[in-house]
């Protein structure tokens, strides 16, 4: 049963600490997305990749957030330094882009981050 | 830019009754539309999509959606609601260019016994 795997599922940290969230996309998928969900803002797109290349990270605070895909099986989202306003659920999603259209996106279970 | 709107924050329906969750869209070109469901403390799950073809799209768990081009709507429907359908529902549209999904604000569906 193919699925997107995210770690950690829960993370509590103190302000100023570095946080790294990891995502393993579904094997064979070539697009990876990072979304953030909060009560106030809903679902926000932070960044996404195709074939490991970043296509758009305009939704991400550049001074503290960074997203990478070291290889096709791993995507990372790093926050340094973390702030209380970063508290949210972070979702990774993957999909297959080919030709002129993609299929649906498959979401992981999310990483719930609490910054104290 | 492509966008979707979900005008209702919450929809309440009694079990066994039909349900409708509304979504309207704004796109340039042909719309690629999606519905996702999110259960508490879970990720989003794909329900159905409209790309082209029949205006009535059937999806998972007995859900269907009706694409209406003249009204720019893509409402989610189910003939008979279950308590277990209670969840957060998101409408989404595929953006042009880099094919990302743009989500609506979500509608909470509450099905009472």
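Name the residues in segment B:7-39 that are buried (at least 19 other Cβ atoms within 10 Å of the Cβ) and assigned to a loop (DSSP other than H, G, I, E, B), would you?
Residues satisfying the conditions are B:23, B:31, B:32.
How many of the residues making up segment A:26-48 are more than 10 Å from the chain's Cα centre (by Cα) and within 13 Å of another protein chain (Cβ to nearest Cβ)?
Qualifying residue count for the region: 12.
Scan segment B:66-92 residue by residue and report those that are free of Cβ contacts under 8 Å to residues at least 40 places away in the same chain and either part of a strand (DSSP E or B) or buried (at least 20 other Cβ atoms within 10 Å of the Cβ) (or both).
Once the filter is applied, which keeps residues that are free of Cβ contacts under 8 Å to residues at least 40 places away in the same chain and either part of a strand (DSSP E or B) or buried (at least 20 other Cβ atoms within 10 Å of the Cβ) (or both), segment B:66-92 yields B:66, B:67, B:68.
Under 17 Å from residue A:105 (Cα atoms) and in contact with a helix residue (DSSP H, G or I) (Cβ under 8 Å, 6 or more places away or on another chain): which single residue out of B:33, B:48, B:44 fits that description?
B:48
If you go through segment B:103-113, how many residues are crowded, with 18+ Cβ neighbours inside 10 Å and within 11 Å of another protein chain (Cβ to nearest Cβ)? Steps first, answer last, please.
Filtering segment B:103-113 down to residues crowded, with 18+ Cβ neighbours inside 10 Å leaves B:103-104, B:106-107, B:109, B:111.
So of that shortlist, the ones also within 11 Å of another protein chain (Cβ to nearest Cβ) come out as B:103-104, B:106.
So the answer is 3.
With the condition kept exactly as written, say whether any residue in segment B:46-55 is closer than 18 Å to residue A:91 by Cβ and in contact with a strand residue (DSSP E or B) (Cβ under 7 Å, 6 or more places away or on another chain).
Looking for residues that are closer than 18 Å to residue A:91 by Cβ and in contact with a strand residue (DSSP E or B) (Cβ under 7 Å, 6 or more places away or on another chain), one finds at least one in segment B:46-55, hence yes.
We did not get these values from a lab; they are worked out from the coordinates using the rules stated. The model shown is predicted, which means the values in this text are computed figures rather than measured ones. Note that we place each Cβ from the backbone using ideal geometry, even for glycine, and neighbour counts take in every protein chain shown.
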